[in-house]
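For reference, the structure is listed below as structure tokens.
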Amino acid sequence: MKHVPNILTLSRCLATLLIVAVWYAWMPGFILPLVIFGLATDFLDGYLARKYDLSTQFGKQFDHYADKFFIITLFVIVWIELYPWQTITSAAIVLMLLILVIRDVYIAWFKMHHTQLPVLTLAKRKTTLQWWWLLAYFAGWTGGAVFLLLLATICSVVSGLWYLSYAAWWRSWVQEHKMKSLVDLILGKKKITALLPSFPSYSEFQKLATDDIKSLIIDLDGTLAPFDEPMDQMMYELLDEYTKAWIKLVIYSNTSDTLRLTQMQEKWLAVYKGSIAKPQRWWYDEIAQQFAIDLKRSIMIGDSPITDIPSPSSEFLAWVWLLKPIAPAWWVKAWSHYRLNRMLTRFLMIA
């Protein structure tokens, strides 16, 4: 029983060779059943390994490379079938397949040197979409196949950039080729001075900040509370630590829910109702005047590199801290909100 998952994986490799044979013999009708067989074995080997605790490091690697062998072989067949790629559809398919192959080859090489790198859920979704694309394409459902391939390509690019952000050679290349000015131009010269997993307690704040910091400018949604939801009691108590230490808190939100802001203001916080202008310098000057704070002795804390971090932040604020966004479970599952923020944050830090 313990060898069954590896036998199924091996059968997928043999099916790959059989697909090449039947395609070369011009028997395309046999390819779809073999694709279904490949998908079934990919599901079964993983299912049995998890259910009966038969997972091994060799088995995981074997299954991974068997998938790549199977899928890339079919990619090559599609390339040849579509040649000379004269239509827009065929050219688009070939281009997307090329992106997928280049990404997979690079990631395979990269993982050989970073064995502890986690497997992204987005990367798994990409593989699943590739399987469904193969089924749709060889079943003759061209329109649906192109859409599935587009989704797989998007997942591939996003997850590939996430892996790339871990690469030391990429960081070195960016710095060596002095990409800072270009990245600054694209991202608006945003400068993040700390990445934090959650809002820091006052004791953690004392370790991170200097004594001259007198105020915090804090985003509400995603930083202190889930989007459009109230803060929990623990967060209230945590913020109380700052006010007891005479740190002024300016909490802002650009949502239409004024009730939350009013309740917080009545309790003990100075709250400013912001708008989409919040990353702009003039907005900070406005709240500095309204609440009598010194921006040079203030820290801005938010969860979104795009809509929270001012530009250029290094000119008028003491520091900028970017936090892991707080999001309801359904939102995290529906969209990789956390991963996209972290990926962009890593690139900001490189610059």
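Summary table
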| item | result |
| --- | --- |
| Test: residue in the stretch 33-46 that is of a type in the set (F, W, Y) and at pLDDT 90 or above | yes |
| Residues being outside any loop (DSSP other than H, G, I, E, B), under 16 Å from I326 (Cα atoms) and either touching a helix residue (DSSP H, G or I) at 6+ places or on another chain (Cβ under 8 Å) or at pLDDT 85 or above (or both) - total across the stretch 219-238 | 7 |
| Scan of the stretch 192-220 for residues that are of a type in the set (D, E, K, R) and touching a residue at least 60 places away in the same chain (Cβ under 8 Å), ordered by number | D212, K214, D219 |
| Some residue of the stretch 43-58 being buried (at least 19 other Cβ atoms within 10 Å of the Cβ), in contact with a Leu (Cβ under 8 Å, 6 or more places away or on another chain) and under 19 Å from V119 (Cα atoms) | yes |
| Subset of the stretch 212-250 (residues that are more than 23 Å from I293 (Cα to Cα), of a type in the set (A, V, I, L, M) and surrounded by fewer than 16 Cβ atoms within 10 Å (Cβ to Cβ)) | M234 |
| L34, sole failed condition from (1) within 29 Å of the chain's Cα centre (by Cα); (2) crowded, with 17+ Cβ neighbours inside 10 Å | (1) |
| Residue match in the stretch 10-24 (condition: under 18 Å from A145 (Cα atoms) and out of contact with any Gly (no Cβ under 7 Å at 6 or more places or on another chain)) | no |
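The values are calculated or read from the model by the stated rules, or taken from the named source; none is laboratory data. Note that the structure is a prediction, hence the values are computed from the model and not measured. In this analysis, Cβ positions are derived from the backbone assuming ideal geometry, glycine residues included, and neighbour counts consider all displayed protein chains.
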